[in-house]
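Notes follow the structure.
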Amino acid sequence: MSTPTRITHLVDGRPWTGTAERTSPVYNPATGEQTGVLDLASAALVGDVVTSAAAAWEGWADASLAKRSGVLFAFRELLNERKEEIAALITAEHGKVLSDALGEVTRGLEVAEFACGIPHLLRGGFSENASTNVDVYSIRQPLGVVAVISPFNFPAMVPMWFIPIAIACGNAVVLKPSEKDPSAALAVAALWKEAGLPDGVMQVVNGDKEAVDALLTHPEVKSVSFVGSTPIAKYVYETGTAHGKRVQALGGAKNHMLVLPDADLDLAADAAVNAGFGSAGERCMAISALVAVEPIADELISKIKDRMGKLVTGDGTRGCDMGPLVTSQHRDKVTSYLDAGVAEGATLVVDGRETEFESDGEGYFLAPTLFDGVKPGMSLYDDEIFGPVLSVVRVHSYDEGLELINNNPYGNGTAIFTNDGGAARKFQRHVQVGMVGVNVPIPVPVSYYSFGGWKNSLFGDTHAHGMEGVHFFTRGKVVTSRWLDPSHGGLNLGFPQND
């Protein structure tokens with residue numbers, strides 16, 4: 001067994017050289033081997049980093065749009081060159097298969113490409129002669145120091161939802177990645193210096209709740225972007241806003257896929273397997289509840305079961321279809337839902353525990369699992385399991401299925417599978433969910449649209465990336481301007497009027 005590698009913070013463009021009072025282990029979830037020792041930041045260190053970022057921000061905020069876009073283009077090229085290296089780091093610490101990890105980096109890359117257009121994205125409006133010889137125009141200016149707190153399931157992509165846009169808008173960023181798999185985020189962050197970003201504009205502090213609370217309460221932090229579970233998202237939103245910060249806190253999900261009787265069931269079965277078990281179900285956009293409108297449930301379950309039997313679960317570097325869960329504790333938590341589901345009356349169609357795994361060592365594996373007869377009130381349905389467990393819920397009509405989805409407290413993503421354009425249009429109009437797929441099981445928006453859910457899946461008003469991201473990381477200002485000529489003047493104590 002090799003000696004675990006030290007993993008530390010990125011401060012002022014270089015690895016931190018101090019001595020950590022507390023550390024945390026990092027594991028390879030495919031083998032169970034400890035591969036790293038992560039330095040955890042104290043509140044005092046977080047404060048020092050924020051102060052450094054605030055000093056660096058002033059110069060970067062004054063940088064021209066041409067300079068900023070030049071750095072963005074350079075960063076984009078570097079990330080594209082190193083994407084295989086980043087993907088390997090994701091697989092080594094998160095466990096998802098290499099092809100999925102590479103797809104994650106590519107989707108993050110798309111946001112950097114969008115941010116390259118910042119000169120266009122920050123264009124304001126101008127009204128000449130709004131009043132006699134008076135012009136009015138709008139501008140958008142950066143906030144200052146902004147914090148990003150990202151989850152374990154997308155250690156590269158989720159930070160990339162926020163950081164390129166925040167930097168392009170002229171802010172300084174302090175990132176707190178997940179302590180479970182920090183190396184990919186640190187590697188991406190290091191590329192900014194190589195791309196020409198001034199030291200201090202992009203910094204990384206590793207840590208746990210102490211570091212999070214320090215960011216949420218520091219007066220120099222002007223905004224917080226968070227992705228994680230709903231209870232923590234709510235805590236981040238309430239704490240951050242109570243300290244005067246702008247907050248976008250994206251929470252959990254229970255995504256439904258409604259399959260109508262006229263749907264192509266082979267396409268629907270493929271989609272259910274891909275969306276339910278990709279990345280071991282550790283996606284906030286994973287399909288975890290398949291809502292089958294009778295009489296198709298039996299046939300659809302048969303097709304899904306057949307496809308599941310062809311999947312190989314194991315080490316993500318070995319060409320498997322699905323990798324491990326991120327930690328042994330999380331694997332055990334997900335596994336506990338299987339016995340609970342049977343006890344509550346659901347039918348266990350495929351048991352993911354009864355599988356041999358393609359791996360060396362004791363990895364954190366659970367193969368794809370399928371339940372039938374799941375109903376609201378069961379823990380399988382009510383909870384966000386965040387693992388490779390797909391639950392089939394049978395309904396008797398489109399209206400019953402729509403009501404089921406709308407009654408759920410989450411509203412992140414959903415999908416409908418049908419060949420009826422009228423039904424699809426009705427669904428996208430009336431479903432109370434932020435992101436909708438029509439014959440698309442994982443409707444993650446492209447970078448120039450925005451990502452975010454409704455209800456308990458989002459706390460705050462602003463979604464991630466796209467133009468909503470640009471607006472989140474800037475403040476609007478309106479300027480009313482008049483340049484007087486010598487003939488204009490005099491006293492007038494009345495309220496200004498447009499004339």
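The values are calculated or read from the model by the stated rules, or taken from the named source; none is laboratory data. Treat the numbers as computed from the prediction; the structure is a model and nothing was measured. Using ideal geometry, Cβ is built from the backbone for each residue, glycine included, and neighbour counts are taken over all protein chains shown. With ligands, DNA and RNA removed, areas are computed over all heavy atoms of the protein, side chains included. Shrake-Rupley method; radii C 1.70, N 1.55, O 1.52, S 1.80 Å.
Points to keep in mind about this one:
- Mean separation of Cα pairs under 8 Å and 6 or more residues apart, divided by the residue count, gives the chain a relative contact order of 19 percent.
- Candidate aspartates and glutamates - alpha carbon under 19 Å from LYS455, same-chain residues fewer than 8 apart omitted: GLU238, ASP382, ASP383, GLU384, GLU403, GLU468
- The value obtained for the range 62-123, namely the Cα convex hull volume divided by the number of residues, is 83 Å³ per residue.
- The range 330-393: equivalent-ellipsoid semi-axes (sqrt of 5 x gyration tensor eigenvalues, Cα, Å): 22, 12, 9
- What the Cβ-Cβ distance of LEU493 and ALA130 gives, at R0 = 30 Å and to the nearest 0.05, is a FRET efficiency of 0.85.
- Full extension of the chain between ASP399 and VAL438 gives 12.4 nm of extra length, using 0.36 nm per residue less the Cα-Cα distance.
- Between 0 and 90°, nearest 10: helix 297-308 axis offset from the chain longest Cα axis: 80
- Charge dipole of the chain about the Cα centre (unit charges at C-beta), most positive-ward option of SER178, THR132, ILE296: THR132
- Normalised by 2.2 N^0.38 Å, where N is the number of residues, the C-alpha radius of gyration of the range 405-499 stands at 1.89.
- Between 0 and 90°, nearest 10: helix 265-277 axis offset from the chain longest Cα axis: 70
- Nearest-20 debye value, the range 174-303 charge dipole, Cβ charges on Lys, Arg, Asp, Glu: 680
- Couplings 3J(HN,Hα) of the range 344-353, computed from phi: 8, x, 7, 9, 7, 7, 10, 9, x, 7 Hz, in residue order, whole Hz [Karplus 6.51 cos²θ - 1.76 cosθ + 1.60, θ = phi - 60°; x for Gly and Pro].
- Label sites at LYS426 and THR241, each approximated as a point 7 angstrom past Cα along Cα to Cβ, lie 3.6 nm apart.
- Amide H contacts under 5 Å for PHE357: none, restricted to partners 5 or more places along the chain or on a different chain, H placed in the peptide plane at 1.01 Å from N.
- Kirkwood analysis of the chain, using all unique Cα-Cα pairs, places the hydrodynamic radius at 24.1 Å.
- Whether the range 302-357 is rounded, prolate or oblate, judged on the alpha carbon gyration tensor where a/c under 1.5 counts as rounded: oblate
- Amide H contacts under 5 Å for LEU290: MET257, SER391, VAL392, VAL393, restricted to partners 5 or more places along the chain or on a different chain, H placed in the peptide plane at 1.01 Å from N.
- Ranked by the mean number of other Cβ atoms within 10 Å of their residues, highest first, the peptides 313-325, 234-246, 57-69 fall in the order 313-325, 234-246, 57-69.
- Per-atom-type breakdown for the range 76-200 gives carbon and sulfur 51% of the accessible area (1.4 Å probe, protein chains only).
- About its Cα centre, the dipole of the chain is roughly 1300 debye, where the only charges are +1 on Lys and Arg Cβ and -1 on Asp and Glu Cβ.
- Shape category assigned to the range 40-92 from the gyration tensor of Cα positions, a/c cut at 1.5: oblate
- The Cα-based radius of gyration and maximum Cα-Cα distance (Dmax) for the range 100-156 are 18.8, 60 Å.
- Length added when fully stretched, LYS209-VAL342, from 0.36 nm per residue minus Cα-Cα: 44.4 nm
- Structure note, pairs LYS67/LYS477; LYS193/LYS254; LYS193/LYS222; LYS209/LYS333: Cα-Cα distances above 29 angstrom occur for LYS193/LYS254.
- The GluC sites (Glu not before Pro) found in the range 256-355 that occupy coil by DSSP, while having at most 11 further C-beta atoms within 10 Å, are GLU354.
- Tail fraction, Cα-Cα pairs, the range 145-209, threshold 14 Å, whole percent: 50
- Computed from phi, the 3J(HN,Hα) profile of the range 233-242 under the Karplus parametrisation 6.51, -1.76, 1.60 (θ = phi - 60°) reads 4, 5, 5, 4, 5, 5, 6, x, 5, 5 Hz, with x in place of Gly and Pro.
- Per-atom-type breakdown for the range 407-499 gives carbon and sulfur 51% of the accessible area (1.4 Å probe, protein chains only).
- The residues of the chain present an accessible area of 42 Å² per residue when probed at 1.4 Å with all protein chains retained.
- The range 287-431 - charge dipole about Cα centre, Lys and Arg +1 at Cβ, Asp and Glu -1, debye rounded to 20: 500
- Against the empirical 2.2 N^0.38 Å (N residues), the range 300-441 has a Cα radius of gyration ratio of 1.16.
- Of GLY421, LEU121, GLY377, farthest towards positive along the dipole that unit charges on Lys, Arg, Asp, Glu beta carbons give the chain: LEU121
- Highest to lowest packing among 161-172, 442-453, 425-436, scored as the average C-beta count within 10 Å: 161-172, 442-453, 425-436
- Once the Cα-Cα distance is subtracted from the 0.36 nm per residue extended length, the GLU356 to LEU65 segment shows a gain of 99.3 nm.
- Tail weight of P(r) past 22 Å, computed on alpha-carbon pairs of the range 164-313, percent: 57
- Anisotropy class of the range 1-91 from Cα gyration tensor, a/c 1.5 cut: oblate
- The chain: angle of helix 398-407 to the longest principal axis, Cα-based, in degrees nearest 10: 60
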